[in-house]
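Please read the structure below before turning to the comments.
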Amino acid sequence: MKLYAYCLYADLDAFDNSVPGVSKAAVRVLKIEDISVVVSDCEAVPVTQENMLAHATVVRAVFTRTTPVPFRFGTLATEQQLRSFITTNKRALANKLAHLRGCVEMDLKTTWQSSNSFTTKPNSAAGPGTAFLLEKRRELVGNDQALAERDELSTFLRTALGSLIKDEKIGLPTSEKPTITKVYHLVESAKIKEYRARVEDLRAQRPELQLEVSGPWPPYSFANIELEFGSQFGVS
Amino acid sequence: MPDFDQIIVSEEWENTDVSLLETLDHVLNRGLVIAGEITISVADIDLIFISLNVLVSSVETAHEMLRKRETE
């Protein structure tokens, strides 16, 4: 029998596990080392919208009590594999749980017209071949403009939101117009209202920027750990 | 004593208009990925560790889900 894993957490004795899991399976907590893993007994999980929402609902049930580290949808493993994963990555998981404790993820979608770009415009004199290769490069590593705009947006938001942001993940700006960049902020749960208010202030300061906030979310965007192999040997 | 985080998160959650698409984006594209680790050995000597991510859905199913998301 395999286990479907929803999330893990460290500092909670119990939670409401009456919430149905994927494929309506019962949800239970598996204690491994000092970490609690929320699982269902399951052999396979059909990729359906209902199951994805069930995953999100179980994670949210834990989220109302403490900050979980959510697994990505579709994580199936044997109990032995789960135990091996947690034992092998015990230090990294402990660091991750400590980093996320008491925090939520706030998502900020920023949209602006390229004419109001943060930085310079792309080189429009490039021929079709050069333009094609530049676009391919942008898809792979991001072009200089996208990287510069991302960095400038990050600096702008960090300056404006300051200590409200504990951590940040930021995507590359899209190449289409208007330019959209997704930004994910890790925010202490006690500061959510202040965060929203500060974003409102930003809207007033920079009307050319469209800022859409969603959240609080369980910290999906901050969940991945650096593998022990990478942290120990400097290889990722 | 009530959990402080619980109060804040629950209160904010009630006021949040979270779209279905965003929820699916979170559970499908983000979150902790279990990585398996294997050791390649030759003549009982461990030579190298390789880590691999576990992909659960078939490629065909993943494409189908992506198509659905794009049309929603």
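The values are calculated or read from the model by the stated rules, or taken from the named source; none is laboratory data. If you're wondering where the values come from, they're calculated on a predicted model, not measured in any experiment. Cβ coordinates were reconstructed from backbone atoms using ideal geometry, including for glycine residues, and neighbour counts include every protein chain displayed.
Evaluate segment A:214-233: report whether one residue or more is at pLDDT 90 or above, surrounded by fewer than 16 Cβ atoms within 10 Å (Cβ to Cβ) and closer than 25 Å to A:GLY102 by Cα. No, there is no match, as no residue in segment A:214-233 is at pLDDT 90 or above, surrounded by fewer than 16 Cβ atoms within 10 Å (Cβ to Cβ) and closer than 25 Å to A:GLY102 by Cα.
Could you list, in sequence order, the residues of segment A:162-181 that are over 19 Å from A:LEU147 (Cβ atoms) and without any contact (Cβ under 8 Å) to a residue 40 or more places away in the chain?
A:GLY162, A:SER163, A:LEU164, A:ILE165
Each residue in segment A:50-78 was checked for being assigned to a helix (DSSP H, G or I) and either within 7 Å of another protein chain (Cβ to nearest Cβ) or touching a residue at least 40 places away in the same chain (Cβ under 8 Å) (or both), and 10 pass. On the stretch given as segment A:174-216, residues that are part of a loop (DSSP other than H, G, I, E, B) and closer than 13 Å to A:PHE156 by Cβ total 3.
Is it the case that some residue within segment A:37-45 is more than 13 Å from chain B (Cβ to nearest Cβ) and either surrounded by 20 or more Cβ atoms within 10 Å (Cβ to Cβ) or under 29 Å from B:LEU20 (Cα atoms) (or both)? Checked segment A:37-45: at least one residue is more than 13 Å from chain B (Cβ to nearest Cβ) and either surrounded by 20 or more Cβ atoms within 10 Å (Cβ to Cβ) or under 29 Å from B:LEU20 (Cα atoms) (or both).
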